[in-house]
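These notes concern the structure reproduced below.
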2 protein chains.
Amino acid sequence: MNHDISEPGPRRVGQVKEVTSLTNPIIKDIKALSQKKERDETRSFLAEGLKLVIDALELGWTIKTLVYAKAAKGKPHVEQVALKTIATGGLVLEVSEKVLSAITRRDNPQMVVGVFEQRYANLRDMTPTLGQTFVALDRVRDPGNLGTIIRTADAAGASGVILIGETTDPFSLETVRATMGSVFAMPVMRASVAEFIKWQKATGVQVVATHLAGAVDYRTIDYRRKPVVVLMGNEQAGLPDELAKEATALARIPQQGRADSLNLAIATGIMLFEARRHLLTLDGKA
Amino acid sequence: MNHDISEPGPRRVGQVKEVTSLTNPIIKDIKALSQKKERDETRSFLAEGLKLVIDALELGWTIKTLVYAKAAKGKPHVEQVALKTIATGGLVLEVSEKVLSAITRRDNPQMVVGVFEQRYANLRDMTPTLGQTFVALDRVRDPGNLGTIIRTADAAGASGVILIGETTDPFSLETVRATMGSVFAMPVMRASVAEFIKWQKATGVQVVATHLAGAVDYRTIDYRRKPVVVLMGNEQAGLPDELAKEATALARIPQQGRADSLNLAIATGIMLFEARRHLLTLDGKA
Ligand SMILES: [Co+2]
Ligand SMILES: [Co+2]
């Protein structure tokens, strides 16, 4: 497939393409972003909603293509975003609702969709300082869980989310949706188990690993003395030994009732709000 | 449609019906349980997975129909569940994988599915005692959120989930899935706003309402002196005034970062583990 979705260049300035056909090659390429292979190849992803697109641009993300519904034409915010897209060499498409439905695989699609450049932060560049908290996820599988965790990390004031091993794609449509825009605000990093352990040792962070077999009540750990990484095992298998044995502490959240375990995103939320308990206050930022 | 899915009676004892056709009227009725109208009319719902079905029977739920894949035939646990189903007047169906896929709307369906009788607890019968915690949800909309909250309430050792106003159906396939079996363990009640307030006053429970505009840090509230209801506003609208003004306290979870708010299920989890902080310990039940 032709991947020249954006082809930046002066000749497009001021141009808005109207597209109503689902067989248009640009639309086909955008639709193909629902597949991981295509996202990987083009290093692109889709984000839905005008508010999200505005936030992304304000946070300095590069928009490759802006797609909006005919019905949104002329709305001041849409016009501003379109101008900004063109000014930075992106493409602007005005499409039918049918096309938007096809791109987003939704019956009632958002009126505005953006194709953005993927961006990962580099774990080796991260030098945690006291008061910073990271989440590390071992082979997280569920797109909704990952998205919710990125959103929760943002709300808790964490400094980044580290994906260890083979994980679900943070740039899938489902994950991006579940982040509610936090995918643009929260640095996301990838690492192998070995890379993570190496970084852990080099930086001296405190790694609090959480799993069912953890021996220490999560509320008894001292989260104040060093930067903290909350490390969560995956939905099925729990934490691999390599990671568990290098952890500073093996924590457990006490549970009652018959449920086997908390949902991964809930457990991560509870751990994060405990690790940052001393840093979160009602009156303002820490 | 014919709703006599179970028709209990001695003539069925020992009988297992083989079904491979999607047009079989019993299968059509089971498939129709994906619709709320049909679930309401028949007061039935579907739960997937052998483990869940076993748990449900152990917890005393009534199974109307047991459906299992040909491939599961003869497995000891499946046989036991089939015998129990027949003994209590239920119907047992052995079906093709195609039929199971159609019933569960999944490509790789579970091998065992049960049709159960819906069951709500009655709020008026609930007389909370000290150490008990309830979750009340105002017009919760998202099936996954509701299911995750029921699961989390179970894990936290809560005593029930109260659905206020028009909410998503706790017996939808998506919600039941997200509960991971806790739908069978956690009492679920329904109430109008007026009924809830009446119950609150009659029982003298402490209602801690959580929303963004709450004034009190959720960690400064005394959860020990009375039974507690953690009341959560809905995903879009927050808490209606009627409920907010009757609440014992209006709590807020401090947040940082750009995310608008925590996901409803995460916020509920954080509130529940705070409200039960003094009751949850690593060594055993409270
Ligand atoms: Co291609
Ligand atoms: Co019918």
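Assorted remarks:
- Unique match (being at pLDDT below 95 and either crowded, with 19+ Cβ neighbours inside 10 Å or in contact with a Cys (Cβ under 6 Å, 6 or more places away or on another chain) (or both)) among A:S6, A:S21: A:S6
- Within segment B:193-210, the set of residues being touching a helix residue (DSSP H, G or I) at 6+ places or on another chain (Cβ under 7 Å) and open to solvent by 10 Å² or more (accessible area, probe 1.4 Å) comprises B:V193, B:E195, B:I197, B:W199, B:Q200, B:T210.
- Residue match in segment A:228-238 (condition: modelled with pLDDT under 95, more than 14 Å from chain B (Cβ to nearest Cβ) and not in a strand (DSSP E or B)): yes
- Condition met for B:A121 (away from every other protein chain (no Cβ under 14 Å), surrounded by fewer than 20 Cβ atoms within 10 Å (Cβ to Cβ), touching a residue at least 24 places away in the same chain (Cβ under 8 Å) and of a type in the set (G, A, S)): yes
- Residues within segment A:186-212 that are modelled with pLDDT of 95 or more and in contact with a Leu (Cβ under 7 Å, 6 or more places away or on another chain), tallied: 10
- Across segment B:124-137, the number of residues qualifying as hydroxyl-bearing (S, T, Y) and open to solvent by 20 Å² or more (accessible area, probe 1.4 Å) comes to 2.
- Taking helices (runs of 4 or more DSSP H) as the structural unit, those lying wholly within segment A:104-221 and holding at least 2 residues that are within 26 Å of A:E48 (Cα to Cα) and among the charged types (D, E, K, R) correspond to A:143-156, A:173-179.
- Close pairs (9 angstrom Cβ cut-off, 6 or more residues apart or separate chains): more than 14 Å from chain B (Cβ to nearest Cβ) and touching a residue at least 24 places away in the same chain (Cβ under 8 Å) in segment A:29-51, assigned to a loop (DSSP other than H, G, I, E, B) and within 16 Å of ligand 2 (Cβ to nearest atom) anywhere: none
- Verdict on A:A244 being in a helix (DSSP H, G or I), more than 14 Å from chain B (Cβ to nearest Cβ) and surrounded by fewer than 15 Cβ atoms within 10 Å (Cβ to Cβ): no
- Only one of the numbered conditions (1) more than 16 Å from ligand 2 (Cβ to nearest atom); (2) surrounded by 12 or more Cβ atoms within 10 Å (Cβ to Cβ); (3) modelled with pLDDT of 90 or more is violated by B:R12, and that is (3).
- Selection status of B:R106, open to solvent by 50 Å² or more (accessible area, probe 1.4 Å), over 15 Å from B:Q15 (Cα atoms) and either away from every other protein chain (no Cβ under 14 Å) or within 16 Å of ligand 2 (Cβ to nearest atom) (or both): yes
- Residue, least open to solvent (accessible area, probe 1.4 Å), within segment A:39-63, restricted to residues that are assigned to a loop (DSSP other than H, G, I, E, B) and of a type outside the set (S, T, N, Q): A:G49
- Single match in A:R277, A:R224, A:R190 (criterion: closer than 17 Å to A:Q132 by Cα, away from chain B (no Cβ under 13 Å) and open to solvent by 20 Å² or more (accessible area, probe 1.4 Å)): A:R224
- Candidate set from segment B:64-85 (those that are open to solvent by less than 20 Å² (accessible area, probe 1.4 Å) and not hydroxyl-bearing (S, T, Y)); member that is farthest from B:T20 (Cα to Cα): B:V81
- Count - residues of segment B:193-221 that are of a type in the set (A, V, I, L, M) and within 14 Å of chain A (Cβ to nearest Cβ): 5
- Enumeration of residues in segment A:149-160 that are among the β-branched types (V, I, T) and either over 12 Å from B:G257 (Cβ atoms) or open to solvent by 10 Å² or more (accessible area, probe 1.4 Å) (or both): A:I149
- Each residue in segment A:254-274 was checked for being more than 7 Å from chain B (Cβ to nearest Cβ) and under 19 Å from B:Y218 (Cβ atoms), and 5 pass.
- Here the condition is being β-branched (V, I, T), within 13 Å of chain A (Cβ to nearest Cβ), touching a residue at least 40 places away in the same chain (Cβ under 8 Å) and crowded, with 23+ Cβ neighbours inside 10 Å; of B:V140, B:V112, B:V183, B:V176, it holds for B:V183 alone.
- Exclusive hit being more than 30 Å from A:M271 (Cα to Cα) and among the aliphatic types (A, V, I, L, M), set A:A136, A:A82: A:A82
The values are calculated or read from the model by the stated rules, or taken from the named source; none is laboratory data. Because the structure is predicted, anything quoted here is derived from the model rather than measured. Cβ sites come from the backbone with ideal geometry, for glycine too, and all protein chains shown count toward neighbours. The area values use the complete protein model at the heavy-atom level, side chains included, leaving out ligands, DNA and RNA. Shrake-Rupley method; radii C 1.70, N 1.55, O 1.52, S 1.80 Å.
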